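These notes concern the structure reproduced below.
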Amino acid sequence: MKVGIDQLSFYTPRYFLPLEVLARQRGVDYAKFAVGLGQEQMGVTPPDEDIVTLAANAAEPLVRDGGAGIDLLLFATESGIDQSKAAGLFVHGLMGLPAECRVAEIKEACYGGTVALQMAAAMVMRRPASRALVIASDIARYDLASPGEPTQGCGAVAMLVTANPRILALDPEVGLHAEDVMDFWRPNYRDEALVDGKYSTRLYLGTVEKAFARYAQASGRSIDDLARCCYHLPFTNIARKAHERLLKLRGRAEIGPGEVDAAVVEALGYNRRTGNSYCASLYQSLACLLDQCEDDLSERRVGLFSYGSGSMGEFFSGVVQPEYRQHLLREQHKRMLAERSELTYQEYEDMFQMKVPQDGWDYVFAQYRTGPFRFGGITGHKRRYERAA
Ligand code: CAA
């Protein structure tokens, strides 16, 4: 039986900062961001968006039927809003999903979305009538003026996981690599991640090789069996570095001109414009590939590499389904990115500095541009979500 992604929806907030503006403010050559890192813009959340509204806004197009039959909702995030309650329960309420549903939150840095996807696929394999909603939603924050700042971003991806999926059937073979390291982490008392940037990049690239080697052994496939590859994208140029590493593992001296870009470039466009969205980043890249690739990918195999600092890596793959193009939300994604408002440097910094009040009083938040759902305020330490007017 085939199991995998039946529908895929991506959401990013209505505001962005051009990295040209950030480069000017920081006195850095813009080419470092645009060429060196492969980033052009950074998605920015207004004060009335958080991981719950990003998630609900991503999920909304997938549950317009009321979410009939959804009996699992897994919410993956690095940017949790509560130490106890699963963010997925807020989304469950906003979407009006059935009460007979298993809901939980999953954490492993940027890798959580892949745990959620694989667990959902295993559950559907056991009970083929089940439909699972997997959501990956994150806001990437580093200290202002730190090396990580130009890679900041945000976004959410919602995926319906079913039997006989219409978009991507997952292969059962995977390659895993786990290692106890401190390359990127965020203690509970901090809103901004701490990172050993160069070390984290080295670990990512070492992990992709190890995970791919195990995937190749388990599946009997080589990199040449994959029509395209999507990577976790803390910044988009890392996909080129990772893919080059995997091509070199073939043992051939030469990599053909354009061979790396031919496999990865169509999957980079959305992330170049939103920045890192941690758990959502890989799936945002997959959405970009499927939406934008001019070649028909029907029946072709796509490789995916998920990396979460700390660290976990997984290489896996899936076969794109016939007629997949009829089920994409390509126009909606295009419109959403095109209609965003550009921020000045000061507006970005003001939004960055805005913190959710912690004193337990009542607050009503000003309305900014959002998707259908917004974070309306906070009362007695309880967050209040609502439909945007
Ligand atoms: N024109 C063109 N290119 C330029 C340039 C210029 N004027 N100036 C510099 N560059 C290039 C550099 O040569 C470099 O490219 P290569 O790596 O190919 O040599 C690139 O731009 C970046 O330059 P630096 O390495 O000097 O940049 P940096 O040290 O200031 O910061 C970073 C880079 C360490 C990745 C930093 O952005 C960072 O800490 N980011 C957050 C951590 C991160 O993203 N880690 C990735 C792996 S961990 C992970 O994947 C989990 C996660 O999501 C966080």
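The values are calculated or read from the model by the stated rules, or taken from the named source; none is laboratory data. Bear in mind that the values here come from a model prediction, so they are computed numbers and not experimental data. Neighbour counts are summed over all protein chains in view; Cβ atoms, including those assigned to glycine, are modelled from backbone coordinates with ideal geometry. Ligands, DNA and RNA are stripped out before the accessible areas are found, and what is left, the full protein with its side chains, is counted by its heavy atoms. Shrake-Rupley method; radii C 1.70, N 1.55, O 1.52, S 1.80 Å.
Can you tell me which of GLY318, GLY376 is modelled with pLDDT of 95 or more and either among the aliphatic types (A, V, I, L, M) or under 23 Å from LEU54 (Cα atoms) (or both)? Don't jump to the end; show me each part of the working.
Details: GLY318 fails: either among the aliphatic types (A, V, I, L, M) or under 23 Å from LEU54 (Cα atoms) (or both).
After ruling out the rest, the residue left standing is GLY376.
What are the residues in segment 152-190 that are surrounded by fewer than 24 Cβ atoms within 10 Å (Cβ to Cβ), closer than 26 Å to ARG26 by Cβ and in contact with a strand residue (DSSP E or B) (Cβ under 8 Å, 6 or more places away or on another chain), if any? ASP183, TRP185, ARG186, PRO187, listed by residue number.
Residue by residue, here is whether (1) within 15 Å of the ligand (Cβ to nearest atom); (2) in a loop (DSSP other than H, G, I, E, B); (3) touching a residue at least 12 places away in the same chain (Cβ under 8 Å) holds:
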residue	(1), (2), (3)
ALA158	no, no, yes
VAL161	no, no, yes
LEU176	no, no, yes
MET182	yes, yes, yes
SER200	yes, no, yes
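Screening GLU100, GLU105 for residues that are under 12 Å from ILE135 (Cβ atoms) and of a type in the set (D, E, K, R) leaves exactly one candidate, GLU105. Taking the conditions exactly as written (free of Cβ contacts under 8 Å to residues at least 40 places away in the same chain and closer than 21 Å to VAL320 by Cβ), does ASP261 satisfy them or not? The answer is yes for ASP261.
Is one or more of the residues making up segment 245-259 at pLDDT 95 or above, touching a strand residue (DSSP E or B) at 6+ places or on another chain (Cβ under 7 Å), open to solvent by less than 10 Å² (accessible area, probe 1.4 Å) and not β-branched (Val, Ile, Thr)? Looking through segment 245-259, none of the residues is at pLDDT 95 or above, touching a strand residue (DSSP E or B) at 6+ places or on another chain (Cβ under 7 Å), open to solvent by less than 10 Å² (accessible area, probe 1.4 Å) and not β-branched (Val, Ile, Thr).
Collect the residues in segment 102-130 that are assigned to a loop (DSSP other than H, G, I, E, B) and open to solvent by 30 Å² or more (accessible area, probe 1.4 Å), keeping them in residue-number order.
Going through segment 102-130, the residues assigned to a loop (DSSP other than H, G, I, E, B) turn out to be 107, 109, 111, 127-130.
Scanning segment 102-130 gives LYS107, ARG127, PRO128, ALA129.
The set of residues in segment 141-156 that are within 20 Å of the chain's Cα centre (by Cα) and not in a helix (DSSP H, G or I) comprises ARG141, TYR142, GLY148, GLN152, GLY153, CYS154, GLY155, ALA156. Screening segment 61-82 for residues that are small (Gly, Ala, Ser) and open to solvent by less than 10 Å² (accessible area, probe 1.4 Å) and picking the one that is modelled with the lowest pLDDT gives GLY67. Among the candidates ARG221, ARG214, the residue that is away from the ligand (no atom under 16 Å from the Cβ), in a loop (DSSP other than H, G, I, E, B) and either in contact (Cβ under 8 Å) with a residue 40 or more places away in the chain or at positive phi (or both) is uniquely ARG221.
Keeping to segment 140-156, report how many residues are away from the ligand (no atom under 12 Å from the Cβ), under 24 Å from PHE90 (Cβ atoms) and of a type in the set (A, V, I, L, M). Even if it seems obvious, please write down each step before you answer.
Of the residues in segment 140-156, the ones away from the ligand (no atom under 12 Å from the Cβ) are 144, 154-156.
Imposing the further condition that a residue be under 24 Å from PHE90 (Cβ atoms) reduces the set to 154-156.
Right, trim to of a type in the set (A, V, I, L, M) and you get 156.
Residues meeting the conditions: 1.
Between residues in segment 295-307 that are free of Cβ contacts under 8 Å to residues at least 40 places away in the same chain and residues that are open to solvent by less than 10 Å² (accessible area, probe 1.4 Å) and part of a strand (DSSP E or B), which pairs lie under 9 Å by C-beta distance while being six or more apart or on different chains? Hits for this filter: ASP296/VAL320; SER298/VAL320; GLU299/VAL320. Only one entry of GLY313, GLY269 meets the criterion of being touching a helix residue (DSSP H, G or I) at 6+ places or on another chain (Cβ under 8 Å) and open to solvent by less than 10 Å² (accessible area, probe 1.4 Å), and that entry is GLY313.
Within segment 224-234, being away from the ligand (no atom under 16 Å from the Cβ) and surrounded by 15 or more Cβ atoms within 10 Å (Cβ to Cβ) holds for LEU226, ALA227, ARG228.
How about segment 339-379: which of its residues are part of a strand (DSSP E or B) and either at positive phi or more than 25 Å from the chain's Cα centre (by Cα) (or both)?
Initially, segment 339-379 is screened for residues part of a strand (DSSP E or B), giving 341-342, 363-364, 373-379.
Of everything in segment 339-379, those that are part of a strand (DSSP E or B) and either at positive phi or more than 25 Å from the chain's Cα centre (by Cα) (or both) turn out to be TYR363, VAL364, GLY377, ILE378, THR379.
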